[in-house]
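First comes the structure, then the notes that go with it.
The values are calculated or read from the model by the stated rules, or taken from the named source; none is laboratory data. Remember, predicted model here, so these are calculated numbers, not experimental data. For neighbour counting, all protein chains shown are included, and Cβ atoms are generated from backbone atoms with ideal geometry for every residue, glycine included. Side chains are part of the model used for accessible areas, which takes the heavy atoms of the whole protein and leaves out ligands, DNA and RNA. Shrake-Rupley method; radii C 1.70, N 1.55, O 1.52, S 1.80 Å.
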Amino acid sequence: MFCRLVREGDHVAKTDGFVAINDINPRADTHLLVLPERHVPSFREVGEFPPDEAKRMLDFVADTAREQGLEDYRVVVNVGEGGGQTVFHLHWHVLGGRVQGLPA
Ligand code: 5GP
């Protein structure tokens, strides 16, 4: 699998090159992680995505949130150890409903 976070059958949504899964330790009523299959270690390297792929990734974050029934939500990306990142494969946290603090 392209990232240790993702296991067979975990997906709540999938599109070409991207998946969304439930966070194993949710910090909110809904806590999803959106990941690219392309290995990019962190948001710092987001420029490694071709422009069309970067746009598709952002569209997928928004589409997934909507499909999970979220209208209002937060999108968080932890960048680097000092920024709370613990898994070094780019992922977008999508947090909806009651939030119990920032994911770290
Ligand atoms: P980070 O701290 O890197 O921004 O976010 C990593 C996230 O991955 C955390 O919110 C953590 O709860 C979640 N996580 C860690 N291990 C697993 C796992 O094996 N499966 C899933 N689905 N989430 C995980």
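Keeping all protein chains in place, calculate the accessible area per residue for the chain (probe 1.4 angstrom), answer in Å². Each step should come with its number before you reach the end.
On the way: 5970 Å² over 104 residues.
Ligands and nucleic acids excluded, the result is 57 Å² per residue.
Compute the signed sum of charges (Lys and Arg +1, Asp and Glu -1) over the other residues within less than 12 Å, Cβ to Cβ, of residue 16. Can you show the working numbers first?
Working: positive: 14, 38, 56; negative: 37, 52, 53, 59.
Residues close to residue 16 contribute a combined charge of -1.
Mind listing the Cα extents of the chain along all three principal axes, in Å, largest one first?
That works out to 34, 31, 26 Å along the principal axes.
Leaving out ligands, DNA and RNA, and with a 1.4 Å probe, what % of the accessible surface on the chain is carbon or sulfur?
On the way: 2880 of 5970 Å².
Whole-percent figure for carbon plus sulfur exposure: 48.
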